[in-house]
1. Let me know the charge dipole size of the protein assembly as shown about its Cα centre in debye, to the nearest 20, where only the beta-carbon of Lys, Arg (+1) and Asp, Glu (-1) is charged.
2. Which of the residues in region A:116-156 lose at least 40 Å² of accessible area when you go from the chain alone to all protein chains together (probe 1.4 Å)?
3. For chain A, take the alpha-carbon Rg, divide it by the Kirkwood Rh, and send me Rg/Rh.
4. Any residues in region A:236-251 that have 10 Å² or more less accessible area with all protein chains than in their chain alone, probe 1.4 Å, and which are they?
5. How high is the FRET efficiency from B:Gln7 to B:Arg250, r the C-beta distance, R0 30 Å, rounded to 0.05?
6. Does any residue of region B:88-123 lose at least 30 Å² of accessible area with all protein chains in place compared with its chain alone, and if so which ones (probe 1.4 Å)?
7. Note down the nm distance, to one decimal, between modelled labels 7 Å out along Cα→Cβ at B:Ser155 and at A:Ile75.
8. So what does A:Asp31 come to for accessible area, using a 1.4 Å probe and Å² rounded to 10?
Amino acid sequence: MVRLASRLHFYIPVLLAFTLWEAASQAGLIDESVFPSLSSVLVGFVRLLTNNNLLMHAGISIFRQMSGFLLAAGIGIAAGILMATSGWARFAIEPIIRLTYPLPKSALIPLFILWLGIGDASKIGAIFLGALLPVVLSTYNSARGVNVALVWSAWSLGTPRWQVPWKVVLPAAMPEIVSGLRISLALSFTLLVSAEFLISQEGLGYLISQLGENGDYPGMFAAVLAVTVIGVAADRSFLALGNRVLRWTEQ
Amino acid sequence: MAFLEIQDVRKSYVTGQGEPFIAVDGIDLTIEQGEFISLVGPSGCGKSTLLHMIGGFVPCTEGAIRVDGVAVQQPGPDRGIVFQHFALFPWKTVRGNVEYGLVERGMPRAERRQTAQRFIDMVGLSGFEDSFPSRLSGGMQQRVAIARMLACEPSILLMDEPFGALDAQTRKIMQEELRALWHQFGKTVVFVTHDVREAVFLSQRVVVMSTRPGRIKAIVETGLGPGASRALIDEKADKLWDMLRDEVVRAMAAERSKA
Ligand SMILES: Nc1ncnc2c1ncn2[C@@H]1O[C@H](COP(=O)(O)OP(=O)(O)O)[C@@H](O)[C@H]1O
Ligand SMILES: [Mg+2]
């Protein structure tokens, strides 16, 4: 009961903003032609569901985002742990990571389209690359700082050296890995929509740009709302999962 | 042949400036099976370094360490270690920590549970099996570390200032409990401390080390039985402290001149 109350509490400012938005529209304070009212956006949402196959587009987008993100998570964690535990891996990977870190990954979307076509693969590729570095860096930085006494304890309790990376280093680094993953998750949505804006025949990014071109602003707003809701839901779910995995960090 | 032989051991590190730095030198020590021996000395004299070499975590630069005649090459479950800051696996519960070494040994689940429970009970942590270390006090965490080590049934216990991070009262209790455990099991213990009274209270022999490079300055037999009076322990500790005091002062002066 208290938890429910505190959850509602969290959303009060959002509801307030929505109310203000609608009230301002009704009072004629904002220009309906470029900033549609909340009620017309909601009507647009229902229209998207029934006429524009919103669920199909959302499904495709989620598939692309999840594929790219999970790929980045798996490969990024492995690369980060490898870099922290092997001098050779560090030698080979670190300069590349450091130098490509400042590059805005969206700049590479056209290249991915050139290489992988306009379908799912180019989108997944762009999301993967964009989401990869925060995972690698957060994993590497925390894995590198793992207390050597933990590693030695494992050795003396019979863990062979080659098993230490996943039996000790990975779990010990998990709190920072989870923070890195959360940043990557947010980035994965940014790249998803950017990639779908640029060239695509389906997906929410495509829907937003198409509705915008056709001047259906309530519909466009509704599609933006759909991306937001999906992004928020993903972030909240990730947070809940992260808290479960990191139960041991609670004081 | 002694049980644990440390023969003319030297350890040098390469400093940041690329010069060799001798941490410990000329360490010759033999330790009998079932003996409780302490290492005391000013901080930086190489007590931990020596313990780590016995553990096989770092190699000796020169000399050799042998357990039962076999040269130490790497860490192994025959030598358990406890660190000052516990070094528990924070993502594992108390039970998970104590079972860790048993899992590595391939012990079947039911037997593992039972064995772990025995050691958890022994260190007085019944009821905390499912707690994570972050929920426990320092004293309790160190009990978990001791149980985790004992569960693997090592023949040598290496303890590096295990009670150094605990408050004075907890430390006293832990000292008494460790002594009782040692009387019960008769394991070989190499115990590092900077507390001479702790060393006298617990051990049969105390190795006094000098600094820069760390060498053995003296080896003192405490000659105290389990029923030794407080006055006798204090007297021995005072004598030991007189021996150590010069070393500590010299080490502090060296630190100052370096700074
Ligand atoms: N990995 C290392 N690299 C360089 N110097 C080290 C290393 N480990 C310890 N030392 C140095 O060796 C000396 C002995 O350290 P240590 O064994 O930790 O002393 P103690 O445990 O007696 O306080 C110290 O001067 C310390 O700085
Ligand atoms: Mg030390």
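The values are calculated or read from the model by the stated rules, or taken from the named source; none is laboratory data. Fair warning: this is a prediction, and the values are worked out from it, not measured in the lab. Virtual Cβ from ideal backbone geometry, glycine too; neighbours counted across all protein chains shown. Just the protein is used for accessible areas: all its heavy atoms, side chains included, with ligands, DNA and RNA removed. Shrake-Rupley method; radii C 1.70, N 1.55, O 1.52, S 1.80 Å.
1. Roughly 320 debye, rounded to the nearest 20.
2. Relative to the lone chain, where solvent access is computed with a 1.4 Å probe, region A:116-156 loses at least 40 Å² at A:Leu150, A:Trp152, A:Ser153, A:Trp155, A:Ser156.
3. The Rg/Rh ratio comes out at 1.07.
4. A:Arg247, A:Trp248, A:Glu250, A:Gln251
5. Once the sixth-power term is evaluated, E becomes 0.65.
6. With the partner chains in place, region B:88-123 has these residues losing at least 30 Å²: B:Phe89, B:Pro90, B:Trp91, B:Tyr100, B:Glu104.
7. 5.0 nm
8. Counting only protein heavy atoms, A:Asp31 exposes about 90 Å² to solvent.
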